[in-house]
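Take a look at the structure below.
Any read-out appearing in this document is the output of simple, stated calculations on the displayed coordinates, not a laboratory observation. None of the values given here were measured: they were computed from a predicted structure. Here the Cβ positions follow ideal geometry from the backbone for every residue, glycine too, while neighbour counts run over all protein chains shown.
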Amino acid sequence: MTLSHDGYVELTVAHVTKRDSGLYTCVATNEVGRAESVAKVEVDLSQEAIAPPEELEEDKGITEVPRDLPYSKEPKFLKKPRSTDAFEGDDVVILCEVIGDPKP
């Protein structure tokens, strides 16, 4: 996992296997609040084309912040992690961007 100074968080799972399938939760906290978002990863053992994943309804009521409002005290997601499908052996990158003051 890497965290940049400007609020980007990236989780890379290298050479995924079926055991890496599941829900991944990105949690951002600071002194004034907490926000979380969930992404689903499905690993397919075959090499056949797979349909894009559906968006999860389990989003804890957190909404994306419009780009024209780049300030928030409590943590807010500018870019939420996206659900993804992968084939066994692929690398999967889950990316999100959060803002808050103080920084989450």
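Here are the numbers for the structure shown:
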quantity	calculated
Estimated FRET transfer efficiency (LYS18, LYS79; beta-carbon r; R0 22 Å; 0.05)	0.20
Nitroxide proxy distance, nm - points 7 Å out along Cα→Cβ at GLU31 and ASP44	4.9 nm
Cut-off 10 Å between beta-carbons: net charge of the residues surrounding VAL9, Lys and Arg +1, Asp and Glu -1	-1
Residues of type lysines that LYS103 reaches as a straight line, Cα spacing below 24 Å, ignoring anything fewer than 8 places off in the same chain	LYS60, LYS73, LYS76, LYS79, LYS80
